[in-house]
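Remarks on the structure that follows.
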Amino acid sequence: MADVTPIRTPAEQALAAAYDGARGTLPGKGAVASLREDAFKRFDAKGLPTRRVEEWKYTDLRTGLRQALPLAAPPDAAAKANAKDAGAVFASLKPRKLTFVDGAFVPELSDLTPEAGLSIGSMAEALTKGDAEVTAKLGKTFETDDIAVALNTALMGDGVVVRVAAGTALQRPLHLVFVTLTETSSFTRSLIVVERGAKVAIAESHEGVAAQVNTALELIVGDEAEVDYYKVVANRGVHLGSLMLSAGKRARFDTFVLNHDVGIVRNQSFVRFAGQHSKGAMRGVNLLRAEEHVDNTLLIEHAAAHCAGREQFKAVLDGESHSVFQGKIVVNPGAQKTDSKMMTRALLLSDKAEADNKPELEIFADDVVCGHGATAGALDPTLKFYLMSRGIDEAQAEALLIQAFIGETVEEIADEGFRDAIMNASLAWLATREVKP
Amino acid sequence: MSLLEIKNLHVEIEDEGKKILNGLNLTIEKGQVAAIMGPNGSGKSTLAYVLAGRPGYAVTEGEILLNGESILEMEPNERAAKGVFLAFQYPVEVPGVATMTFLRTALNAQRKLRGENEVSTPEFIKMVRETSDNLGIGQDMLRRGVNVGFSGGEKKRAEILQMAILQPRLAVLDETDSGLDIDALRIVSEGVNRLRSPERSMIVITHYQRLLDYIVPDVVHVMAKGRVVRSGGKELALELEANGYAQYTDEAA
Ligand SMILES: Nc1ncnc2c1ncn2[C@@H]1O[C@H](COP(=O)(O)OP(=O)(O)OP(=O)(O)O)[C@@H](O)[C@H]1O
Ligand SMILES: [Mg+2]
C-alpha cells in the first residue's frame, strides 16, 4: 500500500493531541512509557477503525466517535460525594466496591479492608513505581494490535491491580464501579491475577453521563482457578471495553455482560485457553431501543487441548437499535478434543432494528467439535395471542415473552444472587418499554 | 337476554381474502351447554378464534354480542375479562414462562380489568392445588413452563385447569377430547361438568358423540361450510354418528 498520510478526523486529531499533551504526566516512565509510545504509534498509523477493518465491520468508530472528548480531570470532593451510591445494580450482593469516578480510582469510595490472600492496589501507582510484576504482565495476557486496546495502552490513567493468592476463595465479590459524572474521556486499565486454585467473583458496572469510556481488563485465570465475571453497561456515550483473558489448566471461567440504556458500546473479549482441560462460558444480553448500538465481539483461541467453550448471546431490539455479535473461534494445531459452541439469538421487536451476526471458525486441529448457530425473529404472534386470550394485556404478554427469551440465558448464571441482580436489571428495563399498538 | 348472540357473521382470512364463515347465526343461552359438530374444515375452530379475538381474521359483516355488548372491537384480553375463554384445539408451549406465574398474571389481569381485588398468594396456591389434583395434574408439571413438554392429553387437561382458575362466563372447548385416553376423557369431562353452572355457558366443539355421553349438551348445532345448518337436541349427535355429514355438506352447497 502507498505510504500516504491519511486524512485525520477531528476525533483522531484530538486523541493525538490528548496523548501529546498528557504523555509527560501519564503514570510510568521507562518501559511503561515505551509501551505507551508503541501503542500510540499503532493508533497513529491506522487511525480509528472503519467498517473496512474486518474486526470492526459493524461498528465504524470513525463515524461513531465524531469527536473525542477531553481527558477527564481528577474528581473533586463534590463529584466523589455524588458517586457514593453508584453500582446499585449489584448492591444486593454486598460486594467489595472499588469505585472509579471519571476513570480515577477513589479509595474513599472503595472498600480496602484487608482480607487474607487478597491484595488490591492502584494501577496508576503501580505504573508510577514501575512495579516489575505489573509491567512484566501488562499487555501480555493476550497480545493484540486492536486499536481500542492500543488507545487504552497509550492513554491508560488508572485502574486496579488485584492479586488473589493461590488457594484463596474470596468471601465477597469484587465490584469495579465505574461512574462518569462529566462528559469527558477516560482510559482505565486493570490487571487481575487469580492464582492457582483461587476462586473469585468479579462484577463491573458502568453508569453515569454520556462520556467516552475506554476500559480494559487483563484477567489471568490460574491453573484450577475459578472466576465468574459479570459486567453491566448502562452508560450513554461511547463505551469501548476490552477483556483480555488467559486461562490456565483445569480452570473455569464464566462471563456475562448485560448492556442496556447505552449509546455506542463495543465489548471485545480476547480469550485464550492456554492450559488443558479448562472450561469457559461467555454469555450476554443486549436490551436495546432507539438508536442504541451494541457490539459484542469475541476472539477465542484454543491453544491447549481438551477445553470446552460455550458462548451464548441474546439481543432484544426495539426502535432503530443495532446489535452486533462477532465470534471467532480459533483452534490451534494440537488443541485436540476442543469442544466449542457459539449461539446467538436476536428478538426483533421493530422492523427498523438490525441484528448482525458474524461467526467464524478457524480450525487447525482435526479431532474437535465446534459449531455455531444463530436465529433472528419477531415475537411469536401465536404465543402472544395465547397469553392475551387468558386476560394478559399486550404489553404484559410481550414482557413475559421477552423475559422468557432472555431468561434462557440469564438462568445459566449459576450464582443465585448474580442471577437475580441481572434479571432484576432486565425487568427494570422491560418495565420502561413502550409497546406500540 | 341471551349470553351470546352471533348474527350473520362473515369472516375471511386477512391478507388472503379467503372466506371461512358465511353468515353464521348462533345463540347461546345463559347456563347452556351447546355442542358444535361438523366436518373438518367447516369453520369450527375459526369461529372459536374469532370469538376469542385472534388477529388475522377479518369480520366483513355481522355482529357478535356478549350480554348484548359487541365484542368485535375488543382485544383478546378484554374479552377474557368479560368472561370469554377458549380451550385451544392445539394448546401452545410457552417456554420460559412458568405456569404458576402465567396463571396468576392472567387471573389478576382479568380481575383488575373488572375492578376486582388481586387474589392473595395463599388463596391462589390453594385454588391451583385443589383444581390440579382433581385433574390429575402433578405439581412438577406446574413448575415447568406453560405446557412445556406436556403430552397432548396433558395439554388438554392443563387447558381445563386454566378454565377452572379463570372461571369464565363463556367457555369454548375446541376438541378438548381429541388426544385423550379413556381415563383422561373421563377426568377432563368431570372437570368440565364441575364447572357447569347457571352462570356459565359452554360451547363444546367435538367430532365424537362419546364426549357428549359425559358432557351432556342442552343443544347440538351442526356446522357446515361456515354456518350453522341444523340445530337440535342431544339425539342429533347420535343421528350424525350414524349418518355422517353428507346431507349437510350437500344442502349447504
Ligand atoms: N390462517 C388460515 N389461512 C388459510 N386458511 C385457513 C386459515 N385458518 C383456517 N383456514 C381454513 O379455513 C377452513 C376452516 O378451518 P377450521 O380450522 O376453522 O376448521 P374446523 O371446522 O375447525 O376443522 P377441524 O374439524 O379439522 O378442526 C379450512 O379450510 C382451513 O384450511
Ligand atoms: Mg378445528
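Descriptive notes on the structure:
- Antiparallel DSSP beta bridges within region A:10-275, percent to nearest 5: 10
- For A:Q326, the residues whose modelled amide H falls within less than 5 Å of its own, excluding neighbours fewer than 5 places apart on the same chain, are A:N296, A:T297, A:L298, A:K358.
- From the C-alpha gyration tensor of region A:380-437, square roots of 5λ in Å: 24, 13, 8
- With a 10 Å cut-off around each Cβ of B:74-81, the average count of Cβ atoms from other chains is 5.
- Beta bridges per DSSP with both ends in region B:79-217, % antiparallel, nearest 5: 25
- A crude spin-label estimate for the pair B:Q167 and B:N40, with each label 7 Å from Cα along the Cβ direction, gives 4.0 nm.
- Using the alpha carbons alone, the radius of gyration of the protein assembly as shown stands to its Kirkwood radius in an Rg to Rh ratio of 1.10.
- Inter-site label distance for A:K29 and B:E61 at 7 Å from Cα along Cβ, in nm: 9.6
- Peptides A:128-140, A:335-347 ordered by packing proxy, namely the average of other Cβ atoms within 10 Å per residue, highest first: A:335-347, A:128-140.
- Relative contact order of region A:307-437, pairs being alpha-carbon contacts under 8 Å that are 6 or more residues apart, as %: 23
- Ellipticity at 222 nm from helices only: DSSP H runs of n ≥ 4 in chain B, each -39500 (n - 2.57), divided by the residue count, give -11500 deg cm²/dmol.
- Highest-first arrangement of A:164-172, A:107-115, A:270-278, where packing means the average Cβ count within 10 Å: A:270-278, A:164-172, A:107-115
- Computed P(r) (all Cα pairs; region A:262-393; 5 Å bins; percent): 2, 10, 19, 17, 14, 12, 9, 7, 5, 2, 1, 0
- Label point distance in nm, B:Q139-A:D339, each placed 7 Å from Cα along Cα→Cβ: 3.4
- Residue-averaged beta-carbon neighbours from other chains (10 angstrom radius) around B:91-98: 6
- Restraint check, A:K57/A:K352; A:K41/A:K84; A:K94/A:K279, Cα-Cα greater than 31 Å: A:K41/A:K84
- Mean Cβ count within 10 Å, highest first, over the residues of peptides A:249-259, A:61-71: A:249-259, A:61-71
- Were the residues from A:R42 through A:A395 laid out at 0.36 nm apart, the gain over their Cα-Cα distance would be 122.2 nm.
- Backbone N under 19 Å from the A:R172 label point (7 Å along Cα→Cβ), restricted to region A:197-219: A:199-206
- Remark: region B:102-119, residue by residue, has Karplus-estimated 3J(HN,Hα) of 4, 4, 6, 4, 5, 4, 5, 5, 5, 5, 4, 4, 8, x, 9, 6, 5, 7 Hz, where x stands for each Gly or Pro and the curve is 6.51 cos²θ - 1.76 cosθ + 1.60 at θ = phi - 60°.
- Within chain A, helix-based [θ] at 222 nm, where runs of 4 or more DSSP H residues each add -39,500 (n - 2.57), nearest 500: -7000 deg cm²/dmol
- The H on the amide N of A:L191, modeled in the peptide plane, is under 5 Å from the matching H of A:V160, A:V161, A:V162, A:E218, each at least 5 residues off or on a different chain.
- Amide H partners (placed H, <5 Å) of A:S340, local residues excluded: A:G309, A:V369, A:C370, A:G371
- Gyration tensor verdict on region A:10-275 (Cα atoms; rounded if a/c is under 1.5, prolate if a/b is larger than b/c, oblate otherwise): rounded
- Per residue of B:139-150, other chain Cβ atoms within 10 Å of the residue Cβ number 1 on average.
Where a number appears in this text, it was derived from the coordinates with a stated rule and is not lab data. Everything numeric in this text was worked out from a predicted model, so none of it was measured. Methodologically, a virtual Cβ is constructed for each residue, glycine included, from the backbone with ideal geometry; neighbour enumeration extends over all protein chains shown.
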